[in-house]
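The values are calculated or read from the model by the stated rules, or taken from the named source; none is laboratory data. The shown structure was predicted, so the numbers you read here are calculated from the model rather than taken from an experiment. We place every Cβ from the backbone using ideal geometry, glycine too, and count neighbours over all the protein chains shown. Heavy atoms of the whole protein, side chains included, go into the accessibility calculation; ligands, DNA and RNA do not. Shrake-Rupley method; radii C 1.70, N 1.55, O 1.52, S 1.80 Å.
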Amino acid sequence: MKSDGNPVLIAGGGPVGLLCAWLLGRCGLPVRLFDNNAEPQADPRAATTHPATLELLAEDGLAADMARVGLVAPIFQFWDRPSGELVAQFDHALLKDDTRYPYVVQCEQFKTARLILDRLRKFPNVEVLYGHEIVDVSPTDRSVAVEVHGPGGVKSHTGSYLIGADGGRSIVRKQCGIAFDGFTWPEQFIVLTTPYDFEAERGYCYRSYFADPGAWCNCFKVSADGPPGLWRTVFPVIPEQSENDIMSDAGVQARMQKFFPSPQPYDIIHRNLYTTHQRVAQTFRRGRVLLAGDAAHVNSPIGGMGLNSGVHDAFNLADKLARILHDEADDEELDRYERQRRHVAVAHTQAQTIRNKRLLEERDPAVRRRNRDELRRQADDPVLARKFLLRTALFESLREADQIA
Ligand SMILES: Cc1cc2nc3c(=O)[nH]c(=O)nc-3n(C[C@H](O)[C@H](O)[C@H](O)COP(=O)(O)OP(=O)(O)OC[C@H]3O[C@@H](n4cnc5c(N)ncnc54)[C@H](O)[C@@H]3O)c2cc1C
């Protein structure tokens, strides 16, 4: 089915929406993207970009630019907080024959979004409209219309297809009546950002996970505004605590001191609280409306999989849409997008992120011991360690998706 001249509409100018716009725009297709913010949001969410994702982002030097403005992190550590023991260390160098990127790149998602935006500007066929909120969606058999609230009031736009990349609260998903099945974790996650140098002071690498039956922690480094960079620590917050207590100076100092005792108070640059869900949309496609990224699936950040899998959605979807609109593939290809990416969301992203959280928060001493033994066994055997990394670096999920007809 050839393009009817209507643009592909995209709801959401987060990294996934922008990436869809870039991938379709470079194929010469007309694209119009709407985002309700004035510019990409700079809150401290995704940073970890896995090797399989870097492979996809290699084109036009994007992965290289992300490494330049971010940090290269080849090592991944698991610690046991109560004993202070380094349980296991995985070095992505083991993947040197599998990928050009045997490391993770820690690049804050707003930097990735800006790098994509810079590339988008080369394409006159792509319009990026910030300050525009989609308020209504009306799909028909031949097109999709959206009502958009922008600086000039409410206007209607018609597209050949609509990609809902408008995040976890997606209005596109809701207006299409697509259920978002799953659950919400009872505890929120707090992110505390500090310049305290956990590498120099404590020997932690740029990505360290801490198991603790009291309260687990993920600790990782981002480049921020340049050397020396900042460290982000992510902790669970018990539901009984009030938000005021949690976010107060005394509350954040107590949390840091309990986990990482220090004679000095911590300099806390940012404190952010997130409600975290495990949910997957019932379908990723309703006619001419497609869902991608957080609009289609949300999960806990433990494992750094949310945005990575959103990027994988974007590549899969844009390739199929471009071929359909260039009359090189049938519209049913989009059902395959749904089969491939929904399978990954359920069988990989949901399953793995839930497992990661359970691993870090386990309370039973016997299970905790078994978990440590298992991690050590995998880290100590190069064959098992490579297998572990092929899964966590997301090569396995991409390979599995490829095999789905
Ligand atoms: C603490 C934390 C740490 C994380 N760390 C990682 C990590 O290391 N690695 C990883 O892979 N993932 C991580 N994630 C997940 C990652 O942040 C998300 O998966 C990612 O933001 C999804 O991108 P997106 O473009 O789909 O959605 P978003 O980034 O949410 O973007 C959606 C955009 O749509 C806009 N929008 C919403 N409604 C409308 C509307 N009606 N009209 C127009 N625009 C609209 C929004 O304003 C927003 O700009 C983390 C998440 C958290 C909370």
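Roll a 1.4 angstrom probe over the protein heavy atoms and tell me the percent of accessible area of the chain that is carbon or sulfur.
Here carbon and sulfur together make up 50 percent of the probe-accessible area.
Could you provide, to the nearest whole Å², the per residue accessible area of the stretch 50-142 with probe 1.4 Å?
45 Å²
In the stretch 277-346, what GluC sites (Glu not before Pro) fall in a loop by DSSP, with at most 14 other Cβ atoms inside 10 Å?
In loop regions of the stretch 277-346 (DSSP not H, G, I, E or B), the sparsely surrounded GluC sites (Glu not before Pro) are Glu328, Glu332.
Using the alpha-carbon atoms, what tilt in degrees (0 to 90, nearest 10) does helix 333-344 show relative to the longest principal axis of the chain?
The angle comes out at about 10 degrees.
Identify, among Pro15, Gly229, Ser300, the residue whose Cα sits farthest towards the positive end of the charge dipole of the chain, taking +1 on the Cβ of Lys and Arg and -1 on the Cβ of Asp and Glu, with the dipole about the Cα centre.
The one lying farthest along the dipole's positive direction is Ser300.
When ranked by the protection proxy of mean other Cβ atoms within 10 Å per residue, highest first, what sequence do the peptides 122-132, 352-362 form?
Sorting 122-132, 352-362 by mean packing, highest first, produces 352-362, 122-132.
Report the relative contact order of the chain, percent, no decimals, based on alpha-carbon pairs under 8 angstrom and at least 6 residues apart.
Value for the chain: 22 percent.
How about Lys387: which lysines have a C-alpha closer than 29 Å to its C-alpha, ignoring those fewer than 8 places off in the same chain?
Excluding near neighbours in sequence, the set is Lys96, Lys221, Lys357.
When the helices in the chain are scored as -39500 (n - 2.57) per DSSP H run of 4 or longer and the sum is shared across all residues, what 222 nm value do you end up with, to the nearest 500 deg cm²/dmol?
-10000 deg cm²/dmol, from helical runs alone.
Of the candidates Ala314, Ala329, Ala385, which one comes out as most mobile in a Gaussian network treatment of the chain with C-alpha springs shorter than 10 Å?
Ala329
Skipping prolines and chain starts, which residues have an amide H placed within reach, meaning under 5 Å, of the one on Tyr204, given they are 5 or more residues away or on another chain?
Those qualifying (amide H under 5 Å, at least 5 residues apart or on another chain) are Glu199.
Accessible area per residue, 1.4 Å probe, Å², for the stretch 263-350: what's the number?
About 35 Å² of surface per residue is accessible.
Loop only per DSSP, at most 13 neighbouring Cβ atoms within 10 Å: give me the GluC sites (Glu not before Pro) in the stretch 47-86, ordered by residue number.
For GluC sites (Glu not before Pro) across the stretch 47-86 that sit outside H, G, I, E and B with at most 13 neighbouring Cβ atoms in 10 Å, the list is empty.
How about Lys320: which lysines have a C-alpha closer than 20 Å to its C-alpha, ignoring those fewer than 8 places off in the same chain?
Lys2
Go through the stretch 29-41 residue by residue and turn each phi into a ³J(HN,Hα) via Karplus (6.51, -1.76, 1.60, θ = phi - 60°); whole Hz please, and just put x for glycine and proline.
7, x, 9, 10, 10, 10, 9, 7, 8, 6, 6, x, 7
Quick one: what are the phi-derived ³J(HN,Hα) couplings along the stretch 149-155, Karplus 6.51/-1.76/1.60 with θ = phi - 60°, whole Hz, x for glycine and proline?
Listing the rounded values in order: 8, x, x, x, x, 9, 10 Hz.
Go through the stretch 8-16 residue by residue and turn each phi into a ³J(HN,Hα) via Karplus (6.51, -1.76, 1.60, θ = phi - 60°); whole Hz please, and just put x for glycine and proline.
Computed from phi, the couplings for the stretch 8-16 are 7, 8, 10, 8, x, x, x, x, 6 Hz.
How large is the charge dipole for the stretch 281-374, taken about the Cα centre, if only the Cβ atoms of Lys, Arg (+1) and Asp, Glu (-1) carry charge, to the nearest 20 debye?
640 debye
Relative to the Cα centre, what is the charge dipole magnitude of the chain, using +1 at the beta carbon of each Lys and Arg, -1 at the beta carbon of each Asp and Glu, and rounding to the nearest 20 debye?
The dipole magnitude comes to about 360 debye.
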